[in-house]
Amino acid sequence: NLQLTNWLQFALATPVVTWLAKPFFERALDSIKNKSWNMFTLIGSGVGVSYLYSAFATVAPNIIPQTFGMHHSTGAYTYFEPAAVITTLALLGQILELKARKQTGAAIRELIALTPQIAHFIKIDEREIDISVAKLERGDRLRVRPGESIPTDGIVLSGQSTIDEAMLTG
């Protein structure tokens, strides 16, 4: 019986849409208030409309006009399942995105840790002193010893070596 199926789907979809989709509805309302529509506007409105229509069609199926092309003699067709599935998939997407952001942030912190804090600055009299990388200016001459990380962009004036490109390529 279609009406029994609708009531069962209503019972199963209601916690998903009212609890799990709550953050999507809140963000959708914020995006509407700010006149800055985004994916949350689409998710919130799609889930909300399909759920509300389906709830209405479950409670009062005879009010749904047959001209909708979705009417059956034992009840109206509903969209609880798409509302719950869209909510679940969007939430899963948010979880995966947060995980990816966390991993990206960790990778960036590791790359920053590869940057040396001290540079071997060559003075005008060719003597070398160690200074903070933050104090370097354009045109300064530096010495990079074998095995050291390069502290900044520059042009090689003399010598040759191999370079660990992890800072550039990750």
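The values are calculated or read from the model by the stated rules, or taken from the named source; none is laboratory data. Keep in mind that this is a model prediction, so the values were computed, not measured. Reconstructed Cβ throughout: ideal geometry from the backbone, glycine too, with neighbour counts over all protein chains shown. Keep in mind that these areas ignore ligands, DNA and RNA; they rest on the heavy atoms of the full protein, side chains included. Shrake-Rupley method; radii C 1.70, N 1.55, O 1.52, S 1.80 Å.
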Listed by first then second residue, the pairs whose first member lies in the stretch 42-67 and is in a loop (DSSP other than H, G, I, E, B), whose partner is at pLDDT below 95, with beta carbons under 6 Å and at least 6 positions apart or on separate chains, are ILE64/ALA57; ILE64/HIS71; ILE64/ALA76
Count of the stretch 45-63 residues which are open to solvent by less than 50 Å² (accessible area, probe 1.4 Å) and out of contact with any strand residue (DSSP E or B) (no Cβ under 8 Å at 6 or more places or on another chain):
9
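Could you tell me whether any residue of the stretch 71-81 is modelled with pLDDT of 90 or more and open to solvent by 30 Å² or more (accessible area, probe 1.4 Å)? Talk me through it step by step, then tell me what you get.
First pass over the stretch 71-81, keeping only residues modelled with pLDDT of 90 or more: 79-81.
If we keep only those that are open to solvent by 30 Å² or more (accessible area, probe 1.4 Å) too, we end up with 79, 81.
Looking through the stretch 71-81, at least one residue is modelled with pLDDT of 90 or more and open to solvent by 30 Å² or more (accessible area, probe 1.4 Å).
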Mind listing whichever residues of the stretch 97-136 are open to solvent by 100 Å² or more (accessible area, probe 1.4 Å) and more than 25 Å from ASP164 (Cβ to Cβ)?
LEU98, LYS99, ARG101, LYS102, ILE124, GLU126, ARG127
Only residues that are open to solvent by 90 Å² or more (accessible area, probe 1.4 Å), over 30 Å from GLY105 (Cβ atoms) and outside any strand (DSSP E or B): list them for the stretch 142-160, please.
ARG145, PRO146, ILE155, VAL156, LEU157, SER158, GLN160
